[in-house]
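Here the structure comes first, spelled out in structure tokens, and everything after it is commentary.
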Amino acid sequence: MPDMRVHRALAQAGVASRRAAEGLVSEGRVTVNGAVAAVGQIVSDRDVIAVDGRRVRAEPIRTYMLNKAMGVVSTASDPEGRPTVLDGLPADVRLYPIGRLDIDTTGLLLITNDGDLAHRLMHPRSKVPKTYEALVDGRVSSATVRTLRTGIQLEDGPTQPAAVEVLERRAQGGTWLRIEITEGRNRQVRRMCEAVGHDVRRLVRTRYAGVGLGGLARGQHRLLSSAELARLDAQVGATR
Ligand code: URA
């Protein structure tokens with residue numbers, strides 16, 4: 001665990017939300033090494049933290065990037081026995097994915113045991129940018145690109161403005177688009193493209209909340225660097 005404020009350490013350990021944990025500190029219910037903690041106090045791995053006299057054991061916090069392969073489900077376990085995004089990741093801490101990708105979407109998925117970070121990134125108010133590359137059927141006109149950018153009426157409401165550009169028009173009739181959205185509605189990119197008459201053949205997420213896949217190969221995972229973790233914190237306005 002890097003050095004961080006005591007309420008964040010409590011939130012990461014799953015004691016309470018960050019705000020509620022700050023309340024526990026200000027009520028004097030939290031101790032660090034036996035002394036009542038001050039709001040905003042910095043703690044490290046070596047400190048013994050307790051709430052109402054009961055010791056809080058924090059797991060080491062880990063956040064991974066996975067380049068999800070095709071046919072893999074974005075849940076911790078699958079009743080149908082299909083491969084999941086947790087297969088192949090270390091099992092010493094309880095990990096779960098931050099959001100979901102469809103079974104046939106590939107690319108960047110963050111996987112963590114930092115409940116506080118996951119909650120903040122998935123909160124609709126955070127509006128974290130998510131970038132996709134989509135191979136769609138047919139030739140996409142400039143007018144259609146403008147429509148996708150402005151917003152489309154879907155059955156669950158209009159989409160927010162999106163950044164959309166044509167990456168490549170293929171001779172065989174498909175078009176590669178880059179689409180950046182700040183919402184995370186179910187099958188959103190597929191539904192946006194279908195709504196303008198272009199079914200999605202392939203969908204790859206290349207960036208999420210300011211971090212990119214880089215050279216990570218399909219099916220592989222790695223821990224995020226501290227620079228990447230700092231970028232995620234900046235996205236959700238968090239301080240350590
Ligand atoms: N939009 C989709 O349609 N599918 C995904 O997996 C992610 C975003």
request  = Compute the normalised compactness of the range 181-240: alpha-carbon radius of gyration over 2.2 N^0.38 Å, N being the residue count.
outcome  = 1.43
Contact order normalised by residue count of the range 4-55, Cα under 8 Å, 6+ apart, percent = 36 percent
key: Value of relative contact order over the range 68-174, rounded to a whole percent, pairs C-alpha under 8 Å and six or more apart   = 18 percent
The chain, accessible area per residue, ligands and nucleic acids excluded (1.4 Å, Å²) = 50 Å²
note = Per-residue ellipticity at 222 nm attributable to helices in the chain (runs of n ≥ 4 DSSP H, -39500 (n - 2.57) apiece, nearest 500 deg cm²/dmol) works out to -6000 deg cm²/dmol
query = Give me the Kirkwood hydrodynamic radius of the range 129-208 in Å, from all C-alpha pairs, to one decimal place?
reply = 12.3 Å
ask   = What Kirkwood hydrodynamic radius, in Å, does the range 4-55 give when the mean of 1/r is taken over all pairs of distinct Cα atoms and then inverted?
value = 10.3 Å
request  = Quantify, in whole percent, the carbon and sulfur part of the accessible surface of the range 9-116 (1.4 Å probe; protein heavy atoms only).
outcome  = 49 percent
request  = May I have the pair-distance distribution P(r) for the chain, computed from all Cα-Cα distances with 10 Å bins from 0 and rounded to whole percent?
outcome  = 7, 28, 29, 20, 11, 4, 1
message = I need the per residue convex hull volume for the range 71-183, using only the alpha carbons, in cubic angstrom as a whole number.
response = 142 Å³
Relative contact order %, the chain, counting alpha carbon pairs below 8 Å whose residues are six or more apart = 20 percent
remark   = Share of accessible surface on carbon and sulfur in the range 119-240, whole %, 1.4 Å probe and ligands ignored, is 47 percent
query = Pick from Val211, Val73, Val15: which residue has the top mean-square fluctuation in a GNM of the chain where Cα pairs under 10 Å get a spring?
reply = Val15
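The values are calculated or read from the model by the stated rules, or taken from the named source; none is laboratory data. Not measured: the values here are computed from a predicted model. Accessible surface areas use protein heavy atoms only, side chains included; no ligands, DNA or RNA. Shrake-Rupley method; radii C 1.70, N 1.55, O 1.52, S 1.80 Å.
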